[in-house]
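What follows is a single structure, written as structure tokens, with notes after it.
The values are calculated or read from the model by the stated rules, or taken from the named source; none is laboratory data. Just so you know, these numbers come straight off a predicted model, no measurement behind them. Cβ coordinates were reconstructed from backbone atoms using ideal geometry, including for glycine residues, and neighbour counts include every protein chain displayed.
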Amino acid sequence: MNSLFKILTCCAILAAMTGCASITGDRSQQVRIETYDQSGNQVPGASCKLANDYGQVSVTTPDYGNVHRSSVNLRIDCAKPGYADASAIATSRANMNMYGNIIIGGGIGALIDHSNGSAYTYPKWMNLVFGQSLSFDRRNEVEGQPVAASQMNGQQSVPAAAASASQATPEKSVPVPTPVTAPAPATTTVSVATPVTPVVATQAAASGTYKIQTIDFVTGTSSTTVERIAKEYGCNGGKGAGLITPAGPVEIYRMQCESGQTFLAKCELRQCKAM
């Protein structure tokens, strides 16, 4: 008991000396983006934009993008001439930084890492499919494999994208085809938030596709507001604006337009704007 008391006392002194600030602090993260056609063939050379509340970065697939960590989900849009656009939402999850600050840095340290984004992590490897809108959740990540995708457009299957064998610079950890696994990550992450309806994907040996459960259309408290904003951007038709994140103070809505385009909006405390 005396030893434990001494350890806790030292932690308290350390927190006081640092002003209860963040004990971790890596605010950026690399995510790998690859693009495929609907037959499961990799299509390189697509131009992709990765955006969240801290800004936007561009990537030409297959490659890594260096994004700012955030509690807000990451929006990904990819385009290549001759192919229908590919889009996705990457759900961020709290990582060990949050727990480290609670234990050592105190509640204020946790709030600091929450506000600057360093307490959150996005999925590390995502394969987008042209003509589809997908959802990727950090909690579904398996080391050395692309994160399993959930559909947001009512389709029944996602092509099983093969692991990329592309070369990368020495400081980047590049996943390779199964059964070879990529090196273990430097930081272990955990999930503490409620996910968007998770989907367990199983690979069908005969067809080479992931059979997945589709996400039901969900009407949120701000659906009507988002539909009105969508019309101002020329987006009409479909089922309307559906909620694709858990209901709460910050929500993301998606609406399928008659033109085939997808409209996304972010609502904070029911104040909505186009993404």
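In the range 258-275, the residues that are more than 17 Å from Ala79 (Cα to Cα) form Cβ pairs under 6 Å with partners that are of a type in the set (Val, Ile, Thr) and surrounded by fewer than 17 Cβ atoms within 10 Å (Cβ to Cβ), at six or more places apart or across chains, as follows: Glu268/Val250.
Results for (1) within 18 Å of Ala86 (Cα to Cα); (2) at pLDDT below 90; (3) of a type in the set (Lys, Arg), shown as yes or no for each residue.
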{"residue": "Thr214", "(1), (2), (3)": "yes, yes, no"}
{"residue": "Phe217", "(1), (2), (3)": "no, yes, no"}
{"residue": "Thr224", "(1), (2), (3)": "no, no, no"}
{"residue": "Gly240", "(1), (2), (3)": "no, yes, no"}
{"residue": "Cys257", "(1), (2), (3)": "yes, yes, no"}
{"residue": "Gly260", "(1), (2), (3)": "yes, yes, no"}
{"residue": "Cys272", "(1), (2), (3)": "no, no, no"}
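Residues are listed down the side, and each one gets a yes or a no for (1) at pLDDT 90 or above; (2) assigned to a helix (DSSP H, G or I); (3) closer than 21 Å to Ser133 by Cβ; (4) touching a helix residue (DSSP H, G or I) at 6+ places or on another chain (Cβ under 7 Å):
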| residue | (1), (2), (3), (4) |
| --- | --- |
| Leu8 | no, yes, no, no |
| Ala15 | no, yes, no, yes |
| Ala21 | no, no, no, yes |
| Thr24 | no, no, no, yes |
| Gln29 | yes, no, no, no |
| Glu34 | yes, no, yes, no |
| Lys49 | yes, no, yes, no |
| Gln56 | yes, no, yes, no |
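No other residue among Tyr83, Tyr99 is surrounded by fewer than 19 Cβ atoms within 10 Å (Cβ to Cβ), modelled with pLDDT of 60 or more, not in a strand (DSSP E or B) and not assigned by TED's automatic domain parsing to the domain that holds Val250 apart from Tyr83.
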